[in-house]
Amino acid sequence: MSQREETYHGFSISQTDYDDITALTPTGSITFENCAELRILLERASERPQPTILLDGRRIGAVDSEALELLMEWHGRLSGAGGSLKLVALTDTCADILTATRLVHVLNVYEDIQQAIQDG
């Protein structure tokens, strides 16, 4: 297991690499102002075959429309590569946004990391 953290203009993301899963834990809201930084980390994490990326939502304040587009894009990219993007432990605000946009029925959303890992 390896871990690192990067900070961009008040937004930080820690990355933990397990054997075949990468967990990204953002702190702060994901908006048009920092989607580029999240995209860079998603690209790095997707370099392995059949990548599985967990986006730990415990510290995400909110997401805007650009962030939702980014999540949809990466959901499709990783699924197409035989992997997956899993959103875990979302805050109430983020869960409400995904419910209101009906993306909760499209994206892989889990209550906790253990549930996401057990789902394969």
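The values are calculated or read from the model by the stated rules, or taken from the named source; none is laboratory data. Because the structure is a prediction, the values reported are computed rather than measured. All Cβ positions, even for glycine, are placed from backbone atoms using ideal geometry, and neighbour counts span all protein chains on display.
Keeping to region 58-68, report how many residues are buried (at least 19 other Cβ atoms within 10 Å of the Cβ) and outside any helix (DSSP H, G or I).
Residues in region 58-68 being buried (at least 19 other Cβ atoms within 10 Å of the Cβ) and outside any helix (DSSP H, G or I): 2 in total.
Regarding region 54-67, can at least one residue be identified that is without any contact (Cβ under 8 Å) to a residue 40 or more places away in the chain and farther than 23 Å from A100 by Cβ?
no
Among the strands (runs of 3 or more DSSP E) lying completely within region 1-42, list those that include at least 3 residues that are surrounded by fewer than 18 Cβ atoms within 10 Å (Cβ to Cβ).
Fully inside region 1-42 and qualifying: 2-8, 11-17.
Restricting region 88-101 to residues that are outside any loop (DSSP other than H, G, I, E, B) and of a type outside the set (D, E, K, R), which is farthest from the chain's Cα centre (by Cα)?
A100
Which residue, of L71, L85, is part of a strand (DSSP E or B) and surrounded by 13 or more Cβ atoms within 10 Å (Cβ to Cβ)?
Answer to the selection: L85.
Here are the criteria: (1) in contact with a strand residue (DSSP E or B) (Cβ under 7 Å, 6 or more places away or on another chain); (2) closer than 20 Å to A116 by Cα; (3) hydroxyl-bearing (S, T, Y). Tell me which single one S12 does not satisfy.
Answer for S12: the failing condition is (2).
Quick one: S2 ticks every box in (1) under 18 Å from I117 (Cβ atoms); (2) under 15 Å from the mean Cα position of the chain (by Cα) except a single one, so which number is it?
S2 satisfies every listed condition except (2).
Would you mind stating whether L55 is modelled with pLDDT of 95 or more, hydrophobic (A, V, I, L, M, F, W, C), assigned to a strand (DSSP E or B) and surrounded by 18 or more Cβ atoms within 10 Å (Cβ to Cβ)?
Yes, satisfied.
Identify the residue in region 102-115 that is under 14 Å from the mean Cα position of the chain (by Cα) and over 19 Å from L68 (Cβ atoms) and, among all such residues, is surrounded by the most Cβ atoms within 10 Å (Cβ to Cβ).
In this case the residue turns out to be I113.
D96 fails exactly one of the following numbered conditions: (1) closer than 21 Å to S12 by Cα; (2) surrounded by fewer than 21 Cβ atoms within 10 Å (Cβ to Cβ). What is the number of that condition?
(1)
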